[in-house]
1. Extending each Cα 7 Å along its Cβ direction at T8 and M28, get the distance between those two points in nm, one decimal.
2. Between the range 1-45 and the range 54-71, how far is it from one alpha carbon centroid to the other, in angstrom?
3. Using a 1.4 angstrom probe, figure out how much accessible area the chain has per residue, in square angstrom, rounded to the nearest whole.
4. Want the number for K51 to A35: 0.36 nm per residue separation, take away the alpha-carbon distance, what's left?
5. So for the chain, taking the charge dipole from beta-carbon charges (+1 Lys/Arg, -1 Asp/Glu), which of T10, V23, V68 sits furthest toward the positive end?
6. What's the whole-number percent of alpha carbon pairs in the chain lying beyond 21 angstrom?
7. Mind listing which trypsin sites (Lys or Arg not before Pro) in the chain are in a DSSP loop and have 15 or fewer other Cβ atoms within 10 Å?
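The values are calculated or read from the model by the stated rules, or taken from the named source; none is laboratory data. Just so you know, these numbers come straight off a predicted model, no measurement behind them. Cβ atoms come from the backbone with ideal geometry, glycine included; neighbour counts cover every protein chain shown. Ligands, DNA and RNA are stripped out before the accessible areas are found, and what is left, the full protein with its side chains, is counted by its heavy atoms. Shrake-Rupley method; radii C 1.70, N 1.55, O 1.52, S 1.80 Å.
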Amino acid sequence: MTDIEIHTDTIQLDQFLKLAGAVPSGGMVKELIAAGAILRNGERETARRRKLIHGDVITIDGTDTYRVMRA
């Protein structure tokens with residue numbers, strides 16, 4: 001699991017994944033969501049602009065895992 005620090009109270013899912021370097025663009029996030037490849041706290045995510053908070057865990061394709069950490 002990789003911890004990614006944010007400097008705000010919340011961050012949108014697509015922005016977070018770009019910050020983490022997991023995806024090159026927001027369009028890729030849309031495709032991953034459509035394929036059911038993104039989990040937030042163990043549940044399938046359906047909104048690319050979902051607001052994430054400190055402690056949320058995002059998993060992509062069951063392999064890459066990132067945790068939102070407040071700086």
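1. Between T8 and M28, the label points sit 2.1 nm apart.
2. 8
3. Numbers: 4230 Å² over 71 residues.
For the chain, the per-residue accessible area is 60 Å².
4. Length gained, K51 through A35: 3.8 nm.
5. Most positive-ward Cα: T10.
6. Working: 265 of 2485 pairs.
So the pairs more than 21 Å apart make up 11 percent of the total in the chain.
7. The qualifying sites are R49.
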